[in-house]
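Just below is one structure, and these are the notes that go with it.
The values are calculated or read from the model by the stated rules, or taken from the named source; none is laboratory data. A quick note: this is a predicted structure, and the numbers were derived from the prediction, not measured. FYI the Cβ positions are ideal-geometry reconstructions off the backbone, even for glycines, and counts take in every protein chain you see. With ligands, DNA and RNA removed, areas are computed over all heavy atoms of the protein, side chains included. Shrake-Rupley method; radii C 1.70, N 1.55, O 1.52, S 1.80 Å.
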Amino acid sequence: TADAPTSTVPVVSTVSSSVSVINKPFTSTTSGNPKDILWAHSDKLVHAISVNLYDVTAALYAKKLIPQQAKEEMHVSGLTTNEKSSKLVNVLVEQLEAYLNPKQYLIDICHVLINQQHRTLTDIATSILHQLGLSIPDIVTIISSIPDYVKEYADNMRQHYKHQPIVATDWPPRIGKDYFGRLALVEKQDSSTQAKSAWHLLRGQVDKTVKLTGNKEISVEDVLQPTDSSLSLRVVIDGPPGIGKTTLCRKLLNMWSSGPLVYQQYDLVLYCPLRNSKIATANTLADLFVRQLNRYKNVPDWFEKRVGEGLLIIFDGWEELSEQLRQSSLAASIIHRKQLGQCSVIVTSRSYASSSLLKMDTLSRHVQVIGFSKEEISTVIVQTLQKDTKLAQKIIHESDDESDEIISDDEVELPKDKDSQLAVKLINDLKVRNDVRSSCYIPLVCSMVILVFCKEGGHLPTTITQLYENFILQTIRRHVKKHDINPHTLGSLSSLPSQLAKPLQEMCQLAYTNLANTRMTFSSHQLQSLSEAVKEDYLGLMTSFMEYSKKKYQFLHLSIQEFLAAWWIAKHEKKTEEVFKDHFDDDHFRMCLRFVAGLTHLEHESYQQYFNKQQLDLQCKRTPLFGFETCHLSYFYQNPEIRIQVAMNDHISSDDIDNVPILLLQLLYESQNTTLCQVLVQSINNHSLCLYRVSLSLFDWLCLSYCINNSNATWNHLHLDSVSNQSLSVFTAGLTNKSLQTQCKRLEILHLIIDDPAIPTVDNTYYTDKCTELEKCIEMNSMLQEMKIKHDGRNEITSTFTSVIRGVTRNKTITSLTLDVDASPPPLPDGVIEQLLKDNNTIQALSLGISNELLPSSLNIVEVNTPLTALEIGWSSKLMTLSFLPHIKGLHSLILHEPYPPHLLFLFHPSLHTLTLPLDTAESAIELFTILKTSTTLKALSIIKEARVYTSSMGSSLQDMLTQNQTLKYLETNNDMYIDIPIPSSFLSFLTTGLRHNTSLQQLSVSIPLNEEIRTFINVISQKNNLTELEVFFKPDQLYSSSNRKEKEQIMTPLFYEQVLPAVTNMLQSHTTIRLLRIECENINDDSSQPNWMKL
């Protein structure tokens, strides 16, 4: 029929570790070879046979398929049942190889397995026969017969399922020919974040499902593919309303009614909609057999005696059960395998209610119905609006669904006819209106959007509320055509004539009262109180269906019922604000309240209580900085605490992300209430917002931009975390010119990471124009003081950074510039860096992390006019170091990643306060320490030494420096766990002696060898009251640096637990000034820890 959907391609999740999923059907490698087929099934067969080993062995021997010796070996003691089963399968493989007709031998084995009347054995045998090339009718003939009355009941149900349509409604107009949903297998996850209401509610997932990365499409047949477990299936199918979960159930029923399913053979499939109160409150299996049970009363008993074997039950609509019934009901008991453990179960649920199901230990598979992809939305729009197949195909071909760039006639040649232009406009509008597009993956909503867009002359409404209001108006207009009312006279739902307004009011009251009672379907009896005008056709807003010979009614979609309920609350309920408050924390009402916000605009002053959150602390929570970091970062950044890294590993994970008011932002956007934007923002501490690890949908970004746009506030700190180009474009598109003037022109600090962007080649005109615009923008900005831009990736980005440098060159306010570029050539143009250093007269702190391959070979710095006090030259920039340093003087802070002669540094920069310097020879280290013996200006020193630097002379020089220098506060040396340099024992002695006489150090970060002298080192530290911060990285002593890892563990593990930890414990008990402490140790074997070590 036209309703029958086509199936999709089977693919299975590749990354699940806690869900048993067959990574491929058995057909990929066997090629019909009987031995290969048997081997492919051997693991499953071993497990399944072990359950009934002796009966299977006797049956195989009776059919002369195994020798007597194999039968006797199955009764030998000393082996587990599983080991015996494995031996039996090996015998079968050996026998098969010896047979002249191995295919017939394998068929005979399958006969024996099927005759055991064990579901798992039958499924394995069926799969083998299928791969041997037997047709489905042949396989069905082989399978053991079941009682005639069970067959008759099953045939009766097949006829019932076959004649019910797969897609039940024709309004809104059907879209996507033969479409009923795409599926994605997802790995079993920790569902703790979905518990109760708050977190899931804040994410707004009632109308959003994200397709998780690493999951692929599967066909509907693969929903029931067996797993590695011998247990019967427990499959959870979830997704938002209207996505096609029920339609998918109907498809499965239709497939079963048309013949055996591919992977599993079920004697009976029961469809049990949980919205049916009889099924929801059922006490016995017989209660689930609602249809024609009187004629087949023995059928439930037959399945109960088999513990459900051969039965597939589809429970549709888990979210429609009350909380009590989810805990204790027949459906819950069967789903959780407390009853009918051998039957297979599919249960569907809305996403927000599936968390408890996903925690099941016996979950076989989690399937998401994800609806239309972004690409498919555009295709559906084109094919719906452009009936000409060739023209439609041309638009689809020319449009780039992966991009959010607007489709333009200037870039591609598009058809000029009206239908094509309308389709292109809607696609473009949805690229801007991501809040609408983010819901269009739901087929029903996508159809509504297309309908409303066309009816409104090619325009989209601003909010989801307006979209639904418009759709319902269109539905009523369609309805009144039958009643001699001119539909064009109906301007809005609020101005309907009385003969329509009163029935609408009744419908809204019905929607609200039943939503409050979680009732979504109605019998004729329950609708008796409605007036005749309503019951004639329910204004076109309801649909009827047959359920077990009884006519039932429901709204076109749950979201329609939710909108009408909201209309009742907003327009007819005397205590609107109280109703809103009563349901605010009710998961079931979240979409309804969103509609209420859209209808009332939340204008009543009582709504401010939800947005006036006192002391809402959403600031960044970061690991504390050690003194050296604070000291040197303060030269580069106004706020040293705000430092960004690609991994963002400086943040502390906390529960504060739960406080980010995503729901409130969504309600703000829906209400379009600017006053409440200001109320909410005033509640945010310090006007600082951190979105670290906060997952935002595109619609959430639009809501956030709406709030910021109307907050009339100056933000001190916005940390957006990792933002995709798509999300960033939505966020910035929501900021009007007015907001850009009040917000961005006050922007003083910009830190930005560009992570592997997809940027067009240089000759792209659009890209070139944007680079020019960026350069001019930076040049003209009169507020920006600090800019840090980091690029991480191998894509070409030279033109972008050239524009940044040129813009900064002519800027008059920027005092701190950090450019960290890791990219592929081409190099920067000649003269760009030279011009920056010559012409800019405001930059005081400059950090350039530009690799040699990106520097022009002609780099020649001859004049530096920038008033630099702080400089960092990054990794792989030796050319920059040699070209730059000789031309600057008087630095206070210097960070180098390439070695440089210490005497030259202090000759030109005698007043250095902080220094980071790699040392590659013992001579350079001795030279540095000699200078520092008499230095009175250097406060912070970080040095990285190579192995050859660790000589006795260097150690003695370090000792003398620590003894004589009384101004150095922060010392770091090889403070990195990942620097693998063997350190001699003598270094620890020199360091300890130097520290004993030092009185100025406040922070020490050092890598030292772990040996017997460590107690002395820690005891000295314990006596240094000036020391407040300690960071120690314990390394293997140079004496055993050539040992393998296991040998190092045997040496270092007892030293750490018996020497280090007791000494550190004593130090902390007696040393009260330590503020920060960090200890790391290589080559520790935790598994070998002794009980007395654990007490430490």
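Percent of accessible area on the stretch 815-874 owned by carbon and sulfur, 1.4 Å probe? Percent of accessible area from carbon and sulfur atoms in the stretch 815-874: 46.
Note on the stretch 899-1095: Lys pairs 8 or more places apart or on different chains, Cα atoms under 27 Å apart, count 19. Within the accessible surface of the stretch 34-144, defined with a 1.4 Å probe on protein heavy atoms only, the carbon and sulfur portion equals 51 percent. For I66, the solvent-accessible surface with a 1.4 Å probe is about 10 Å², rounded to the nearest 10. Heavy-atom accessible surface of the stretch 34-144, averaged per residue, reaches 48 Å², computed with a 1.4 Å probe.
Computed with a 1.4 Å probe over protein heavy atoms only, the accessible surface of the stretch 766-912 comes to 41 Å² per residue. Spin-label model, T813/L907: points 7 Å from Cα along the beta carbon direction are separated by 4.2 nm.
Shown here for the stretch 237-317: trypsin sites (Lys or Arg not before Pro) in loop regions (DSSP other than H, G, I, E, B) with at most 12 other Cβ atoms within 10 Å, namely K297.
If a/c stays under 1.5 just call it rounded; otherwise compare a/b with b/c (prolate if a/b is bigger, oblate if not). Do that for the stretch 866-958, with a ≥ b ≥ c from the square roots of the Cα gyration tensor eigenvalues.
oblate
Placing a label point 7 Å from the Cα of V93 along the Cα-to-Cβ direction, the residues of the stretch 37-66 whose backbone N falls under 18 Å of that point are 37-50, 66.
Please identify the chymotrypsin sites (Phe, Trp or Tyr not before Pro) of the stretch 831-925 that satisfy two criteria: DSSP loop assignment and at most 13 other Cβ atoms within 10 Å. Which are they?
W875
Pairs with C-alpha atoms separated by more than 19 Å, drawn from the list K35/K103; K374/K425; K245/K535; K374/K416, are K245/K535; K374/K416.
Based on C-alpha pairs under 8 angstrom that are at least 6 apart in sequence, the stretch 802-912 has a relative contact order of 23 percent. Kirkwood radius and radius of gyration were both taken over the C-alpha atoms of the stretch 899-1095, and their ratio Rg/Rh is 0.98. Solvent-accessible surface (1.4 Å probe) assigned to K103 amounts to roughly 90 Å². Spin-label model, D1086 to D301: label points 7 Å out along the Cα-to-beta-carbon direction sit 5.9 nm apart.
Among K776, K418, the sequence by solvent-accessible area, most first, with a 1.4 Å probe is K418, K776. Loop-resident trypsin sites (Lys or Arg not before Pro) (DSSP state other than H, G, I, E or B) in the stretch 824-926 with no more than 16 further Cβ atoms inside 10 Å of their Cβ: K889. Here the label points at T389 and I652, each 7 Å from Cα along the C-beta direction, are separated by 6.5 nm in the simple model.
These residues, D617, D267, D222, go from largest to smallest accessible area, 1.4 Å probe, as D617, D267, D222.
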